[in-house]
Every structure is written in structure tokens, then in C-alpha cells.
Amino acid sequence: MTDIKPFHIDIPESSLDDLQQRLALTRLPEAETPDDWSQGVPLAYATDILSYWKNDYDWRRAENLLNSFPQFQTSLDGLDIHFLHIKSAEPNALPLIMTHGWPGSVVEFLKVIGPLTDPVSYGGEAKDAFHVVCPSLPGFGFSGKPDKPGWGIEKIAEQWAELMARLGYERYVAQGGDWGSIVTAAIAAQDAEHCIGIHLNMAIAAPDPDTMDSLTDSEQRALVGLQHYADWDSGYSKQQSTRPQTLGYGLVDSPIGQAMWIMEKFWAWTDCKGHPENALTRDEMLDNIMLYWLTASGASSARIYWESFNNPPSDIINLATGISVFPHDIFQTSERWARKRFSNLVYFNELKEGGHFAAFEQPDVFVNEVRTCFTSMRKDSGL
């Protein structure tokens, strides 16, 4: 089947009633022993979010916001894939596929779609316009859940290329962060015939052993960050890459469990200066969390780790590549480390603010990075 069908979100009221009942019956643990976030989300903040979610949060607002963007589903290798597809009115707009990661969703991109598709209305120039495609990863949000192994990074990249072809885009560019970065690099390795270039935030490029005697300040910080991740911040990935099914029983059954599993990462991975609401509003965070809760995708979204976390692609990428490094991202690379993997690195920039969820946290900066990165690629490809 190659049909592309319009998609409209309409969550039954019964699902929202069920959420209310579960929130009302939440059983919370005792408070953490230190007065900080070092053991996870503090009880006081979890209690505050629980109360807000139950009494003040409005899913219909979020639903209407999502439905204001054209959404579709199509079957790719037997799996229904949900995606946003916003076409620019500019005749020379460049097709762009943007891929989220975990614990994100298409919600991350909502603030940047307007400036990317209609730059003139946001202070930009018509030559910077994009047609934007934002798919939900398999097992995430309103995409289907794989019922057998095999939906790893290489297959997702292959199917994203098929999606762009199905939409009629013979030439396109790709962008991603987190798992989206890894999928995007795989697209570059697999579909260079049609993809003319990529932009990554959180590019995966290993530290170069030959540079260990001459590390720059940013490289030293990157190594410290890697060690911190390994020691204090990687427990979730071990669980999701080994026993996602076991984890899923808790996440799919308990809304506060699912919420705090994600909320902790909004604290740890954003440039939030100690509190997640310095980077994102609680409505924004809950909008994203609701795409996990309402679709019961706690287990299915974690399976991408089981498929690919311990054996991610490491191909040398020869396609034109741009990289934006945000200072509070999980993994950071330097320009010389990046050039070891990305042989045609045409754009590299280290930002002063921002974290892992770049488009979500710093939409204006993100838009500028994407525009600047792809400017030279447009010229070189004649698009």
C-alpha cells in the first residue's frame, strides 16, 4: 500500500477520564533523601506536576495545536507511520525531513515549522523556505508499533527515504537530534542519490585517540560530559536497551511513572540552570508526555534502544554535513573529531546556549542554524 491518508487526532473522552482516575489514585514514594535532583525528580516537584496535570492541564488545547498542522499516515513496510507534512508556499522551497528522538516527539518541532516553511512572515527570506516533513518514529506517538524485531536505525532510514519518494521529493535534505541524528546520518549513508545534505544536533562522532595529548577546552568538557553520562545519566538506556518490555508494564500503567521517566530528562538534558521550567513550560513538557501516555507507547518507544543502542551505525559519511553543538547536549563533538567521520563537513558551529532538545528549547537559534547550514548546500546542488 502506498496510500497517504489524512490523519486527525481525536482522543476519546474515555481515555481522558481514565487518565484522571489514574492520576487521582496515584501512589507516590517517600521523598528523596538529599534535597536536590541527584536521585531523580524530587517528590515536591512530582506532586506539583501531578496536581497541575489533574486539575489544570488541557489536552484539547494541545490536540487542537497538533491538528492545526497537516498530518498524515502511510504504510511503510507494513507499518503505519504518522507524519506532519507542511508545504511552503514558496516555489523554490527545499524539502526537509526532521526526525525526533527519545524522549521526544513531533511536539519538539511545532515552534519551528512556521519559520521554516514561511520564512518571510518570520523575518527571513523566501530563499530560506522548506517543505517540512516530521515523521513519528516507529513505536512512538501515532505511528504503528512494530510486532516483530527489525525496526532498527538502518531500516528506519530506508523507510524515511521511501517516504520522501512517496511524497514526490526527488531531492531533499534531512535533519535530526538524538535518535533522529543517528537516523539522519544513516539516510546520508544510504540515500545520497536523493538526499543532498544533512544537519545534525548531537552528532555522533567518537573522540579521536590521536588528539588526547592536545585537547582543546571544549574537547576536555566533552570528555567530562561523556564520563558523567556513563556514571550518572545512562541507567535509562541500559534498561531500555535490554528489557524494554519489563519497563513498559510500569510506564504504560502509571501516568506519573511515564511522566517522571521523561521529566527527569527535561531536567538533565536541557539548558535549564537547575529547573526544567527554565527551559520549557510545563504545558510543553506535558504535551510531549501525553503523546507517550495516550498512545501507550512506553514499551514500544523504548524498543529502539533494544534494536540499535548497542550497535549504532558508524559509517563514514561523505555527504555534505552541518553540525550544531549545543552546550548542554548529552554528547558533544569537536570539529576535528567530527571530520574523522563526516568527511564533507561544510558547517560546524558551537552555540552558547541550549541543550538536547534544540528545536524545543531554542527555536529561533535552531531555525537560524538550519537555514545557515543548508544555504551552501542549496547553492552547490542548484536547488
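Quick note: the coordinates plus some simple rules give every number you see, no bench work behind them. Since the structure is predicted, the reported quantities are computational estimates derived from the model, not experimental observations. Methodologically, a virtual Cβ is constructed for each residue, glycine included, from the backbone with ideal geometry; neighbour enumeration extends over all protein chains shown.
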Once phi for every residue in segment 70-75 is put through the Karplus expression 6.51 cos²θ - 1.76 cosθ + 1.60 (θ = phi - 60°), the whole-Hz ³J(HN,Hα) values, with Gly and Pro written as x, are x, 10, 8, 10, 8, 8
Looking only at aspartates and glutamates whose Cα falls under 14 Å of K5's and that sit 8 or more positions away or on another chain, we get D80
Computed on Cα atoms, the radius of gyration and Dmax of segment 223-360 in angstrom are 16.7, 46
Whole-Hz Karplus couplings 3J(HN,Hα) for segment 367-380, θ = phi - 60° and coefficients 6.51, -1.76, 1.60, Gly and Pro as x, run 4, 5, 5, 5, 4, 5, 4, 8, 4, 5, 5, 4, 5, 5
Per DSSP, the loop-located GluC sites (Glu not before Pro) within segment 333-383 having at most 13 other beta carbons within 10 Å are E353
Here FRET efficiency (C-beta to C-beta, S68 to A296, R₀ 30 Å, nearest 0.05) is 0.75
Calculated from DSSP helices alone, with each H run of at least 4 adding -39500 (n - 2.57) and the total divided by the residues of the chain, [θ]222 nm to the nearest 500 comes to -13000 deg cm²/dmol
Karplus-derived 3J(HN,Hα) from phi for segment 190-197 (6.51 cos²θ - 1.76 cosθ + 1.60, θ = phi - 60°), whole Hz, x at Gly and Pro, runs 9, 10, 5, 5, 10, 7, 8, x
Straight-line reach check, K238, cutoff 18 Å on alpha carbons, 8 or more apart in-chain or any other chain, hits among aspartates and glutamates -> D178, E264, E307
Given trypsin sites (Lys or Arg not before Pro), DSSP loops and at most 15 other Cβ atoms within 10 Å, the longest exposed-site-free stretch of the chain is 172-272
Once the in-chain neighbours fewer than 8 apart are removed, the aspartates and glutamates whose Cα is under 13 Å from K340 read D208, D210, D315
One would report the antiparallel percent of DSSP beta bridges in the chain, rounded to the nearest 5, as 35 percent
Taking placed amide H atoms and a strict 5 Å upper bound, the residues 5 or more places from T99 or on another chain that come that close are Q175, G176, G177
Here, chymotrypsin sites (Phe, Trp or Tyr not before Pro) of segment 222-310 satisfying both criteria (DSSP loop; at most 11 other Cβ within 10 Å) are none
